[in-house]
Every structure is written in structure tokens, then in C-alpha cells.
Amino acid sequence: MFAHYEMKIFSGSAHPELARRICDSIYQPLGDSTSVSFSDGESKVRINEDIRGRDVFLVQPTSGPANQHIMELLIMVDAVRRASAARITAVIPYFGYARQDRKDRPRVPITAKLVANLLTAAGVNRVLTMDLHAQQIQGFFDIQVDHLYARPVMLRYLRAKPDLDPLVVCSPDVGGLKMGEAYSQALGVGLATVAKRRKSDTEVDPLYLIGEVKDRNVFLIDDLTSTAGTLTSAARICKEHGAKHVFAGVSHAVLGELGYQRLRDSEITELITTNSTPIAPPPGSKVEVLCIASLLGEAIKRIHNDESISSLFEH
Ligand code: R5P
């Protein structure tokens, strides 16, 4: 339906390198736009080319500073809508605020829903995202959401590793079991999980381990890590139960100093993640960053041409 409109891809200031790589992967030029931030923090955006009647994709993960990047994306959407684009797709490889997706205590917001409302109100027609913290967040939008998985990219890297057998996949918390199950099925290995209790934003207590990890290599898989408390405490309990090497994988890494420090001091041999956020691990940090630009590029091409996205994940 939109294939006869010209495609245009623009980047906000959150992750221009990823936007460039997406464009390269599908032989598209990156659109010309300017995003500046004034000294008082206000954002100003300008689209420097004609986009009337175009199928526009705006690439902007809402990684930190999350508020600024969300606001800038909303402003870009406004600019593109007022410039008469035919359709606007927000490409948000990492959708921040996703962990605030329910009222788990009295008098707390559901910020993920608020962000979905803001995007829709600004004029976004559809969203392309990857490994949402909870798949149900797709339902927070009343517009189409295409949901990608980093799984094929992660599995390609993992399968190329020698000496991984015998392997078991482990979810570092019960909430991530579904994701763990998808990896264990794809790899044809068993599944374990750790039950954790969160003591604070930065501290977690692993309570117990369900499943067999003794004399096996473990692949811990989660949607994201920030302080690395969840992964490193899960790695510890796996080691206490006789695991050989512990590898970890997360689709999104929003690591700060504490997270890198914990990883360095942990039993984790290597953490595999993606460039869904502009991550730059310090030397010796055990972090391997895989590129998802081709996956996003292919999805953009398929959305533009009205082709199946789910078939990208069938094998
Ligand atoms: C929580 O349910 C998420 O899936 C992650 O496990 C969590 O957000 C990781 O945070 P941290 O790295 O700070 O423990």
C-alpha cells in the first residue's frame, strides 16, 4: 500500500550511528535533519528536505537521557506530520520506560502506557521495536506495532562458539521465562530459571534455582541489564550449583559504572548484547556488542513493501 511512496529514514540524536548502519544495510540514504539542544534543555528539530507524501521512518531508541530522547522524538514526529508525510513509523529499537508497565503498588504511574499515548497523540502511525520488556506493551498502542527479536542475531553468534556443550539456557528471573524458553527451543537444550527478589533498584537477592545446571555451561538470557544485579546474582547461584562457564545475553544494555564493575567482578565469562542503544563498553569489560542494523533494515524494507515481518523469525 505504501510501496509506491518514496521511503525516507531520519535519525534523532540518540543513536545516529545505528541509523546510518540501517540505511547502509538497505542501500538508502540517511535523510537530512538537524536536532539541537538549547542550553535550557529544549530540543529543536528541522527536517532539511521535502517529505511530502513520503513513507517516513524515524530512528530513535529511548535510551538515556530517556526523557530528552522521548521528547525529541515527539518533536520530530510533529515536524514530519506538519510537513505532510504519508505515514510515520517510529523505529524504537530500545523502548525505555517499559519496566513501568503496571500498577504494582498504590499511587504509581504506568509510564509505558503514557509514552505510548504520547507517541500516538504526536502523530506516529506505527511503531517498530525490539524485545519489549513485556510483550503485552504492544497492546498499549492502538496503532500497529511490529515487534522484532534480537534472537537470530544472538543465536548466530552463540552457535559459532566452540565448546559450548553441554549447554543449558537459564532465565535470571521468572518473568523472563518465556524469552528463555524461546532460546532453549531454538538451541535444543534444557531450561532453568532463578527466582529473585528485588531489594532495591540496584540490589537483588537470588532466592533459588529451578532446573539442572551442574557440569553444564549456562546461557543466561534477559531482555535488558542496567545495574547487572540480576545477571551477576543469577550467575553466582548457577556457579554455586556446579555450572561450568556462565555466559549471558541481553537484547538491550543500559549499563552504567556500577553495571560494568559488577560484570568485571562476576562469574560471567562474557555478556552478549546488541547496539539497540549507543553502547560503548570500556576495554576489558567482557561485553560483546552485536549489530542489529541489518535486522532493522530488513524490517523497515518489509514494512515499506507490505511484506511479512514474522517470517523473519520462522527459522
Ligand atoms: C526485569 O524484570 C528485567 O527483565 C531485568 O531483569 C532487570 O531490569 C535488570 O536490571 P538490573 O541489571 O539492574 O538488575
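Summarising the amide proton neighbourhood of residue 100: residues at separation of 5 or more, or on other chains, whose placed amide H is nearer than 5 Å comprise 112. Loop-located chymotrypsin sites (Phe, Trp or Tyr not before Pro) in region 33-136 (DSSP state not H, G, I, E or B) with no more than 16 neighbouring Cβ atoms inside 10 Å: 38. Using only the C-alpha atoms, the convex hull of the chain corresponds to 139 Å³ per residue.
DSSP bridge analysis restricted to region 151-290 gives an antiparallel fraction near 20%, rounded to the nearest 5. Under the simplified labelling scheme, the residue 240-residue 118 pair shows an inter-label distance of 4.0 nm, with each label point 7 Å from Cα along Cα→Cβ.
Considering only 166, 278, 61, the Gaussian network model of the chain with Cα springs below 10 Å gives its largest mean-square fluctuation to 166.
The residues packed around residue 229, meaning those with a beta-carbon under 13 Å from its beta-carbon, carry a net charge of 0 if Lys and Arg are +1 and Asp and Glu are -1. Taking other residues whose beta carbon is less than 13 angstrom from the beta carbon of residue 289, and scoring Lys, Arg as +1 and Asp, Glu as -1, yields -1. Looking at region 29-86, the trypsin sites (Lys or Arg not before Pro) that sit in a DSSP loop and have at most 15 other Cβ atoms within 10 Å of their own Cβ are 52.
Its convex hull of Cα atoms gives region 214-315 a direction-averaged projected area, equal to a quarter of the hull surface, of 7.5 nm².
Here region 149-251 is treated as a Stokes sphere of Kirkwood radius computed over C-alpha pairs; at 10 °C and 1.306 mPa s its diffusion coefficient rounds to 119 µm²/s.
Applying the Karplus relation 6.51 cos²θ - 1.76 cosθ + 1.60 with θ = phi - 60° to region 77-93 yields 3J(HN,Hα) values of 4, 4, 4, 5, 5, 5, 8, 6, 5, 6, 8, 10, 10, 8, 9, 10, x Hz, where x marks Gly and Pro. DSSP beta bridges fully contained in the chain are about 20 percent antiparallel. The amide H of residue 243, built 1.01 Å from its N in the peptide plane, has 215 as neighbours under 5 Å, considering only residues 5 or more places off or on other chains.
How much net charge surrounds residue 307 when only other residues with a Cβ under 15 Å from its Cβ are counted (Lys, Arg +1; Asp, Glu -1)?
Every neighbour counted, the sum reads -2.
Annotation for residue 165 and residue 265: the two label points, set 7 Å from Cα along the Cα-Cβ direction, are 3.8 nm apart. What distance in nm separates the simple spin-label points at residue 199 and residue 3, each placed 7 Å from Cα in the Cβ direction? Result for the modelled spin labels: 5.8 nm.
GNM on the chain, alpha-carbon springs under 10 angstrom: the most fluctuating residue among 275, 305, 125 is 305.
Starting from the exponent 0.38 and prefactor 2.2 Å, build the expected Rg for region 75-182 from its residue count and divide its actual Cα Rg by it.
1.35
Restriction of the trypsin sites (Lys or Arg not before Pro) in region 93-188 to DSSP coil positions whose beta-carbon has at most 16 other beta-carbons within 10 angstrom yields 99, 102, 103, 107.
Here is how the number arises for the chain: DSSP H runs of 4 or more residues each give -39500 (n - 2.57), the sum is divided by the residue count, and the result at 222 nm is -9000 deg cm²/dmol.
Across region 254-269, computed HN-Hα scalar couplings (Karplus, 6.51 cos²θ - 1.76 cosθ + 1.60, θ = phi - 60°) run 10, 7, x, 4, 4, x, 4, 4, 4, 4, 4, 7, 8, 7, 6, 6 Hz from first to last residue, x flagging Gly and Pro. Counted residue by residue at 0.36 nm each, then reduced by the alpha carbon distance between them, the extension gain from residue 27 to residue 44 reaches 3.3 nm. Note on region 151-290: with charges restricted to the Cβ of Lys and Arg (+1) and Asp and Glu (-1), its dipole about the Cα centre is near 120 debye.
Take the convex hull of the alpha carbons in region 1-111; its mean projected area over all directions comes to 8.7 nm².
When the chain is described by a simple charge dipole with +1 on each Lys and Arg Cβ and -1 on each Asp and Glu Cβ, the residue from 71, 157, 248 located farthest towards its positive end is 71. For region 59-74, putting each phi into the Karplus relation 6.51 cos²θ - 1.76 cosθ + 1.60 with θ = phi - 60° gives couplings of 9, 7, x, 9, 7, x, x, 4, 4, 5, 6, 5, 4, 4, 4, 4 Hz, in residue order, rounded to whole numbers and with x for Gly and Pro. Please give the residues of region 246-270, grouped as numeric ranges, whose backbone N is less than 18 Å from a label point set 7 Å along the Cα-to-Cβ vector of residue 313. The answer is 249-253.
Every number here is computed from the coordinates shown, using simple stated rules; none is lab data. All figures in this text were calculated on a predicted structure; none of them were measured in a lab. Counting neighbours? That spans all protein chains shown, and the Cβs are built from the backbone with ideal geometry, glycine included.
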